[in-house]
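Right, one structure below, let's go through it.
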Amino acid sequence: MRLGVQAASQPGAQDASAGTPPAVAPSAASAQRSVRSEPLICARGLVKRFGSIVAVDGIDFDIYLGESFGFLGPNGAGKTSTMRMIACMSPVSEGTLRVLGMDPAVDGAKIRARIGLVPQEDSLDLELTVLDNLIIYGRYFDIPRRVIRERAKRLLDFAELTDRAHSKVDPLSGGMKRRLTIARALVSEPDLLILDEPTTGLDPQARHLLWDRLYRLKAQGVTLVITTHYMDEAEQLCDRLVVMNDGRIAAEGTPHSLIERYSTKEVLELRKPLGMTGVAERLAGIADRVEELADRVLLYTDDGDAALEAVRLREFPYEHALVRRSTLEDVFLRLTGRSLID
Amino acid sequence: MKLATALDSGRGRPFPLARITPSTLLGGGRARRVVERNILVYRRGWIFIVSGFFEPFFYLLSIGIGLNKLVGVVEVGGRAIPYTSFVAAGLLAASAMNGAIFDATFGIFFKLKIVKTYDAMLSTPLGPADVARGELAWALIRGGAYAGAFLVVMAGLGYVGSGWAVVCFPAAVLVSFAFSGAGMAATTYMRSWQDFDLVSLAVLPLFLFSATFYPLGVYPGWLQLIVRLTPLYQGVALLRGLDLGLFSWSLLGHGVYLLVMGALGLAVSARRLSVLVLP
Ligand SMILES: Nc1ncnc2c1ncn2[C@@H]1O[C@H](COP(=O)(O)OP(=O)(O)OP(=O)(O)O)[C@@H](O)[C@H]1O
Ligand SMILES: [Mg+2]
């Protein structure tokens, strides 16, 4: 039953400390994929409570080896709480959780030895330099210094921080700190990478660089668990994702299937005049669904151009119109009643 | 590594005291990494370490030379002892306490609440017990360095009571252990820097009343009884007894008191770190 997981555990922490290359050999990874019986992470009725606050309210999910799995949701949906439970940094209040075939309550240290965590808030060591941050973090995983030094060189390059290697962490810009945090999570060459809003605070170039790097890790067989507020990121990176709302999972699927299921083919987006009321009534019947935001009206329909024609006929006073394809953003809006960029 | 895992599984359960055995107290296994991290930090901040040495040194000089003129000899266990020897052993215990408390309170609070060092550590295979043991081990390394230097100065000034003074070294480290453990545990309950006033409030009377500067006999009976129960008195009595080579079963009692105090502090610290950093 645990065959896949056991095999995956071989190139784990011990090997890393012996100085062998990548934690997951591609051959081992592809061998795993055929054994799809046991998920790498499995949650059933997972609950997290903080006193009377229910942060995670009974969720089920399975994440398989080599997959890249996303958690989407508005602020306070319970994404970070879920990530922390997976990373064995927060005890499960109720339900079951198995990570890498082990129970976080029993084998927390063993699990963490194979996880790379990019927490939502950087937890860099402010008393150390950039390079020393990478070195000591690797040492926490019992990796020999020689191996870490060699990896650190590459990771600094990747994070574009080579020239800041001997600078303290505090004076770095927010984006630089973020990149260092990501580099730090990779120093142990983890089997499972947990990224809690990894690209928040990164400039577009750094974001694309990170996506590229994540693709490559995925190709090596590393499993990715990502939370994000960026829909393009989710569409780009995630094989499958769940949308969380109020501690529950509202929907689950591939980006494509979610769009198909929860949205129409096209969306007509109208910028409306400020302070306009009674929009819904005036546009009734034109589209399958009308969503009114602060500055825009979204009309969900399979034929955007036809809808626009109908809007014109009713002499609806819009300032600007755009017909586009549905995105995850629309799924998100539908499921959570919230816009992502508000 | 097995041990670290075993300790780690103590998360979420009350008081992993049973898991803390003497061989692990000094930071074997993963706790070593915490020490390693502190060495990396202090490689550059060596001034701080040097200052920790000079403080007791100044005490020794000023009180030793100054009060010795006034007091001359003191009677301990029926023997007349030069006041310098009497007070030096007391100061050694007091400085071990001061150093340990300072590091365990300000140092740990800074890492726990201000720079959040432990958040990162606990996202790795390190567990709360490893962190607590590592910080304690680090405190003992520093405490040991100070105590060693103190003893050398003491010997240089001719303030040691007997050849047995060498045994004061491990005993002073034991005092550091007790106060580091207790200080660290107390720190995990602190909410802001204001709470540190309470630490001073506790440490100052200990420093002044624990028979550090004069024999216990000068106090009225009830006060003697209270002092006998306080932690620094154990250290002072232990170090003074060893320094003078005056052995008795009571020294063992003092030693056990300090050992239990440190171990309890360690267990509470590990438990509290788990609650605070891994909610
Ligand atoms: N340590 C804590 N103590 C008390 N409540 C907490 C704690 N951590 C999270 N919560 C609560 O749990 C709920 C979910 O928070 P969580 O951080 O998991 O949300 P999130 O989906 O990550 O949100 P965001 O997108 O803002 O990061 C919130 O109501 C939050 O206030
Ligand atoms: Mg979050």
Taking 25 Å as R0, compute the FRET efficiency from the Cβ-Cβ separation of A:Arg271 and A:Asp246 and round it to 0.05. 0.25
For labels at A:Arg296 and A:Leu322 in the simple 7 Å Cα→Cβ model, what's the distance in nm? 0.5 nm
Check: the protein assembly as shown dipole with +1 on Lys, Arg Cβ and -1 on Asp, Glu Cβ, in debye: 2160 debye
Restricting things to Cα coordinates, could you compute the convex hull volume per residue of region A:158-315 in Å³? 179 Å³
Calculated from DSSP helices alone, with each H run of at least 4 adding -39500 (n - 2.57) and the total divided by the residues of chain B, [θ]222 nm to the nearest 500 comes to -22500 deg cm²/dmol
Compute from the Cα atoms of region B:121-279 the Rg and the Dmax, the latter being the longest Cα-Cα distance, and quote both in angstrom. 17.3, 54
Rounded to the nearest 20 debye, dipole of chain B from Cβ charges on Lys, Arg, Asp, Glu: 780 debye
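Sort A:232-241, A:131-140 by packing, meaning the average of other beta carbons within 10 Å per residue, with the highest value first.
Per-residue mean Cβ counts within 10 Å order the peptides as A:131-140, A:232-241.
Roughly to the nearest percent, how much of the accessible area of chain A is carbon and sulfur, given a 1.4 Å probe?
Using a 1.4 Å probe with all protein chains present, chain A comes out at 50 percent carbon and sulfur.
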Determine how many Å³ per residue the convex hull of the Cα atoms of chain A encloses. 156 Å³
If you wrap a convex hull around the alpha carbons of region B:136-191, what volume per residue comes out, as a whole number of Å³? 80 Å³
Given the candidates B:Met184, B:Pro82, A:Val243, the one whose Cα lies deepest towards the positive end of the charge dipole of the protein assembly as shown, counting +1 at each Lys or Arg C-beta and -1 at each Asp or Glu C-beta, is B:Pro82
Computed from the beta carbon distance with a Förster radius of 22 Å, FRET efficiency for B:Gln224 and B:Ser248 to the nearest 0.05 stands at 0.80
For region A:163-216, the Cα-Cα pair-distance distribution in 10 Å bins from 0, as whole percents, is 21, 54, 25, 0
For the protein assembly as shown, list log₁₀ I(q)/I(0) at each q in 0.07 Å⁻¹, using the Debye formula over Cα point scatterers of equal strength and ignoring solvent, two decimals each. -0.56
What residues in region A:112-127 lose 30 Å² or more of accessible surface when the other protein chains are added to their chain alone (1.4 Å probe)? A:Arg112, A:Ser123, A:Asp125, A:Leu126, A:Glu127
Give me the accessible area of B:Phe57, 1.4 Å probe, in Å² rounded to the nearest 10. 50 Å²
In terms of modelled amide H atoms, which long-range or inter-chain residues lie less than 5 Å from the amide H of A:Leu128? A:Val169
Could you list the residues of region B:259-279 with an amide nitrogen less than 18 Å from a label point located 7 Å from the Cα of A:Arg49 in the Cα-to-C-beta direction? B:279
Label-point gap, in nm, between A:Ser93 and A:Tyr215 - each point 7 angstrom along Cα→Cβ: 4.0 nm
For chain B, just the Cα atoms, rotate onto the principal axes and tell me the three extents in Å, largest first. 58, 40, 36
In sequence order, what are the phi-derived ³J(HN,Hα) couplings for region B:130-136 according to the Karplus relation 6.51 cos²θ - 1.76 cosθ + 1.60 with θ = phi - 60°, rounded to whole Hz, with x for glycine and proline? 5, 5, 4, 5, x, 5, 5
For peptide B:34-40, the mean count of other chain Cβ atoms within 10 Å per residue Cβ is 4
Between B and A, buried accessible area summed over both sides at probe 1.4 Å, in Å² to the nearest 100? 2700 Å²
Percentage of interatomic Cα-Cα distances in region A:110-247 larger than 23 Å: 30 percent
List, largest first, the extents of the alpha carbons of region A:264-325 along their principal axes, each in whole Å. 29, 21, 18
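The values are calculated or read from the model by the stated rules, or taken from the named source; none is laboratory data. Quick caveat, the model's predicted, so the values are computed rather than measured. A quick note on method: Cβ atoms are made from the backbone with ideal geometry, for glycine too, and the neighbour counts reach across all protein chains shown. Quick note on the areas: whole protein, heavy atoms, side chains included, nothing else; ligands and nucleic acids left out. Shrake-Rupley method; radii C 1.70, N 1.55, O 1.52, S 1.80 Å.
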